[in-house]
Each structure stands twice: as C-alpha cells, then as structure tokens.
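See structure below.
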Amino acid sequence: MPSDYDATEFIDGDFEPHKAAYATSAAPASQRAPSRQEMDMQVAEQLDQLAKQKRLLEDRQRELAALEETRRRQTEFETGRQEMVQHLTRGLGLLEEAEFTARRDAEQMAKALIGLRDALSKVEAINEETWTSDSLGVELTRGLTTIENARMEWNASRLKFPVLSGPSAEEVTASETDSGSTSSLLAGQSFGQLCRLGFALTWPLGVVGLLALALFAAVLLRR
C-alpha cells in the first residue's frame, strides 16, 4: 500500500534561506518623512553656509580692491617719478643755460656801460671855448677823433643790445593795434558821418585861415 504524499519531500532546504534573503534585499525599506523641525534645521544649515560663503566672497572682494588700489598707486608713483625726473632735468638744463646767458649778458652790459660812460665823459670834456686860432686845427682833429670813438662805442653797444635801437616789440604791437582800431572805427562810418567828422577836425584850421586872410586884407587897405 502506497505511503501518503509529503510535499516537503520536493523542497530544497538550502534554497529556502537564499530565497528569503533575496526577497528581503529586493524589497526597499520605507523611509520616514522628515519632520518640520528637521526641515528647519536643514534650512538653517543651508542659510548659514550661504552666509559664510557671502562673507568669504566679501573678504575676497575687499582684498582684490586693496590689491587693485595698491597697483594703481604703484603705477601712479612710477609714472609721476619718471615725469618729474624728465621735467626737472629739462628745467635744470634750461635754467642753467639761461643763467649762463644772463651772466654773460650782464658782464657784457657792464663793460658796455663802462665804455659808454667813458665816451660820454670824453665828449662832454670837449670845451670849444679854450680853443685858439693857432690850435683850432689840432683841437678839431682831437675832437672829431673823440666823437668818432664815441660813435663806434655807441654802434657796438647798439649791436649787442637791441633795446638801444628803438622801441620794443610790445610798443610797436600796441601802436599797430591802436592804428588798426582807428581804421576799423573809421571803416564803420557812413559818408555823411565821415564828412561831419572831417569838418569837426578841420574847422579850427579854417578859422585860423580866415583870420589870417582878414588880417592880410586889413594891411592892404591901410596901404
């Protein structure tokens, strides 16, 4: 007589633990939703991190601005030093040359002053009243020689110092400006105004001419 059916006879005992472990690992474990307090803490942590990064960025920006300011001042210093070295060197050269020229001109002017004073004293020392008939020729020769030497001294001084030759350039410019302004003033007048202006300038001459003519007529009538 056959025995009863046993279902456990077809079950592998080694396979069952592995199957159970696989089923356990395949099913994901459910996570608990964070509470409000936990969310507030996470938000606070993120805000704190952002504040730290912001402070760090501000510190870096201040450092960068300080470095840029230092670089700008260094550039300004180097440029200003080079510029002033060039200006001062050029200024010293120009002033030294001008000083030398002025000193030379002053020395020449001092010599010219001595020569002009000596020539003036010699010319003024000529006294014609002491000349006699016998010494007239000699005195004339001596006097002409003195005058010629004085003229040579004067001409030499005029060549060295243009101020002795006539009016300065400023005076000439001023006179030209005055003449130009007078011409422009006359150019803006009409013919009638010019006639009246000419009459106003010449009527005194006409009165003098009429008086002279009347006086001449009276003299003829008396004759």
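Determine if segment 81-104 includes at least one residue that is closer than 30 Å to Thr146 by Cβ, in contact with a helix residue (DSSP H, G or I) (Cβ under 9 Å, 6 or more places away or on another chain) and without any contact (Cβ under 8 Å) to a residue 12 or more places away in the chain. No, there is no match, as no residue in segment 81-104 is closer than 30 Å to Thr146 by Cβ, in contact with a helix residue (DSSP H, G or I) (Cβ under 9 Å, 6 or more places away or on another chain) and without any contact (Cβ under 8 Å) to a residue 12 or more places away in the chain. Where the second residue is surrounded by 10 or more Cβ atoms within 10 Å (Cβ to Cβ) and among the basic types (Lys, Arg) and the first is within 17 Å of Ser157 (Cα to Cα) and lies in segment 117-130, which pairs have Cβ atoms under 7 Å and are six or more apart or on separate chains? Matching pairs, first to second residue: none at all.
Mind listing whichever residues of segment 78-136 are exposed (fewer than 11 other Cβ atoms within 10 Å of the Cβ), aliphatic (A, V, I, L, M) and outside any helix (DSSP H, G or I)? Of everything in segment 78-136, just one residue is exposed (fewer than 11 other Cβ atoms within 10 Å of the Cβ), aliphatic (A, V, I, L, M) and outside any helix (DSSP H, G or I), namely Ala125. Given the criteria out of contact with any Leu (no Cβ under 7 Å at 6 or more places or on another chain) and either in a loop (DSSP other than H, G, I, E, B) or modelled with pLDDT of 95 or more (or both), does Tyr22 qualify? Criteria not met by Tyr22.
The values are calculated or read from the model by the stated rules, or taken from the named source; none is laboratory data. Please read all numbers here as calculations on a predicted model, not as lab measurements. Positions of Cβ are backbone-derived with ideal geometry, glycine not excepted, and every protein chain shown enters the neighbour counts.
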